[in-house]
């Protein structure tokens with residue numbers, strides 16, 4: 001007999017070789033029907049895997065992220081089989097599950113796949129799925145694995161050559177076999193709906209010098225209804241695409257002559273950014289931050305000291321050589337080394353701490369051209385960066401105050417659905433990190449305690465820490481239910497050591513400060529992109545570039561429209577008057593399209609009674625009111641949406 005511990009802490013005894021599916025069946029027949037994946041002692045396994053020893057078992061359904069991962073990984077196998085049957089001679093490389101669906105990278109030889117082929121691939125996948133073929137894992141020796149692919153698939157041979165003998169396995173279903181580590185649903189019949197989403201080029205191993213393969217993206221579901229809902233969300237996402245809205249609202253643009261991944265902010269976008277910056281600066285001032293400014297470049301040695309060059313140097317913009325022999329500069333990839341040097345400019349006592357330095361600092365990173373995407377993945381971006389230098393006694397309260405600041409930002413911008421992720425190091429790969437184990441443990445515990453005390457809904461994820469310290473990330477769901485990482489807080493014992501930062505303690509001895517990195521927005525570019533897609537371009541009234549469009553029904557009332565405009569501007573309401581020689585209907589439609597929150601219509605009656613007729617974006621008629629009433633309406637709406645910090 002073996003003892004199986006379930007997530008609720010209960011322990012059940014079974015005969016050795018019991019499978020996760022049989023355990024699920026013992027719990028409930030209805031539950032067992034929905035179980036599609038399992039984890040035993042922190043290792044993902046099949047629901048048919050015999051359990052041979054005591055351990056902890058977690059059973060997953062479609063509702064769990066791990067269940068979806070197994071479902072989509074299994075679907076990638078079905079996609080691969082369909083491609084092999086439809087395109088004889090195709091060579092497979094890798095096919096993982098991703099956040100929404102899966103893909104498979106393949107070498108099609110002389111064949112190509114375009115959108116007109118999607119229906120055929122989907123039909124073949126569903127034909128395979130309806131066969132209800134079991135996914136069966138089997139271990140193979142390295143020699144046998146190489147022999148299986150030799151002469152047929154050089155990509156798989158290359159993969160296998162980098163694996164250790166005794167760690168290699170194949171997965172079989174139907175007539176199809178693939179190199180695989182495992183983690184599947186019980187059989188193909190669970191897949192009830194599939195959709196091929198797109199095809200793209202993808203370099204082998206992500207290396208631009210290697211061959212370009214074809215990446216086929218797809219998604220699948222256990223019910224047709226789920227696919228229908230997903231496709232509806234996709235259509236909504238297209239309407240909300242920040243690149244489309246950014247162009248329509250004239251917020252930003254890109255220029256090939258300026259360079260890929262380097263956004264140009266247009267006047268309305270620049271005004272939007274300025275309001276976001278001022279909003280955060282006001283809160284930071286209340287929280288005791290001091291603004292600093294650092295240059296866009298730094299000597300290479302600065303980033304060698306910080307460790308950034310060793311970690312990211314090859315992927316960054318290359319050093320800039322000056323006329324002086326041996327002198328090299330880098331475009332700034334991070335603000336933190338500069339802030340360390342600011343802290344170091346004079347001696348501090350424990351009585352002077354914490355020191356909180358904040359900066360809207362622009363940094364540069366050389367992202368691969370194929371990974372650039374609108375404002376969400378760029379090569380030059382501005383971080384709402386700050387670094388807090390504090391004593392160990394301050395760490396807990398400072399970290400919690402940063403959490404409060406992040407929650408204030410979310411509340412004021414309508415991000416109400418979020419969870420937190422505590423990202424810690426992976427103890428199995430210590431070479432990825434710098435600093436002592438002791439300091440890492442202190443930093444991780446500080447974050448975990450703060451998350452608990454603040455009652456955050458959080459999960460702990462190994463291996464996602466920064467190379468110099470653990471972090472707390474906020475995962476926000478937007479209006480379409482998509483997850484975005486927004487806002488990050490990191491505890492760092494390492495950079496103060498590398499820069500030899502000190503303060504004089506109450507014992508008159510020198511001590512190391514602890515460094516907290518934080519960025520509630522993350523980057524201005526990415527934050528604006530996410531906010532655009534979350535709101536569909538309908539920003540909170542306090543933030544929107546232009547709040548009111550004034551439309552006169554004919555030229556006769558343009559003077560009155562100008563009078564109303566002046567009154568609104570006196571109350572710091574951002575308004576424009578549309579005095580073009582166009583119909584009122586066209587002016588209203590265009591004001592709707594460009595997301596003006598309010599429209600004011602003025603004509604003979606309004607001028608005679610010194611009133612305005614107000615219409616809200618979306619068609620809601622507010623009615624005819626006095627200008628003062630409208631100003632109060634605007635101010636009350638702003639007050640209700642803009643939260644108070646402290």
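In this label model, residue 43 and residue 209 are separated by 3.7 nm, measuring between points 7 Å along each Cα→Cβ vector.
Between the beta carbons of residue 538 and residue 631, assuming R0 = 25 Å, the FRET efficiency works out to 0.75 to the nearest 0.05. Sorting 579-592, 519-532 by their mean Cβ neighbour count within 10 Å, with the most densely packed peptide first, gives 519-532, 579-592.
Taking all Cα pairs closer than 8 Å and separated by 6 or more residues, the relative contact order of the chain comes to 9 percent. A value for P(r) over Cα pairs in 10 Å bins from 0, in percent was derived from the coordinates, and within the list (1) 3, 15, 23, 22, 17, 11, 6, 2, 0, 0; (2) 3, 16, 26, 28, 19, 7, 1, 0; (3) 3, 12, 19, 22, 20, 15, 7, 2, 0, 0 it appears as (3). Relative contact order, whole percent, for the stretch 548-641 stands at 28, derived from Cα pairs under 8 Å and 6 or more residues apart. On the beta carbon distance between residue 638 and residue 327, with R0 = 35 Å, the FRET formula returns roughly 0.10.
Decide, for the stretch 249-300, between rounded, prolate and oblate: order the square roots of the alpha carbon gyration tensor eigenvalues as a ≥ b ≥ c, take rounded if a/c falls under 1.5, and otherwise choose prolate if a/b is larger than b/c, else oblate. Oblate. For the listed peptides 623-632, 213-222, a ranking on the average number of other beta carbons within 10 Å per residue, highest first, reads 213-222, 623-632. Remark: the Cα gyration tensor places the stretch 298-436 in the oblate category, a/c being 1.5 or greater and a/b not exceeding b/c. Potential lengthening of the chain between residue 616 and residue 460 amounts to 51.8 nm, from the contour at 0.36 nm per residue minus the alpha-carbon distance.
Calculated translational diffusion coefficient of the stretch 325-394 (25 °C, 0.890 mPa s; Stokes-Einstein with Kirkwood radius over alpha-carbon pairs) equals 168 µm²/s. Extension gain, residue 556 to residue 341: 0.36 nm times the residue separation minus the Cα-Cα distance gives 71.1 nm.
Please identify which residues in the stretch 346-374 have an amide N closer than 14 Å to a label point set 7 Å out from the Cα of residue 506, following the Cα→Cβ vector. Only 350-353 fall inside the zone, counting backbone N under 14 Å. Placing dummy labels 7 Å off each Cα toward the beta-carbon, the span from residue 1 to residue 483 is 3.9 nm. Take 454-463, 124-133 and order them by the average number of nearby Cβ atoms within 10 Å per residue, most first; the result is 124-133, 454-463. Distance distribution note for the stretch 396-463: the fraction of Cα pairs above 21 angstrom is 34%.
For the Cα trace of the stretch 252-535, dividing Rg by the Kirkwood Rh returns an Rg/Rh value of 0.95. Hey, what did the stretch 252-535 get for relative contact order, percent, Cα under 8 Å, at least 6 apart? Normalised by residue count, the contact order of the stretch 252-535 is 20 percent. For the chain, the longest principal axis of the Cα atoms and the long axis of helix 224-240 meet at an angle of about 40 degrees. For residue 581 and residue 239, the difference between the fully extended length at 0.36 nm per residue and the C-alpha to C-alpha distance is 120.1 nm. Modelled this way, with points 7 Å down the Cα-to-C-beta line, the labels at residue 197 and residue 22 are 3.9 nm from one another. Computed from the C-beta positions of residue 441 and residue 228, the FRET efficiency with R₀ = 45 Å rounds to 0.40.
Every number in this text was worked out from the coordinates using simple rules, so none of it is lab data. Treat the numbers as computed from the prediction; the structure is a model and nothing was measured. With ideal geometry, Cβ positions are generated from the backbone for all residues, glycine too; neighbour counts draw on all protein chains shown.
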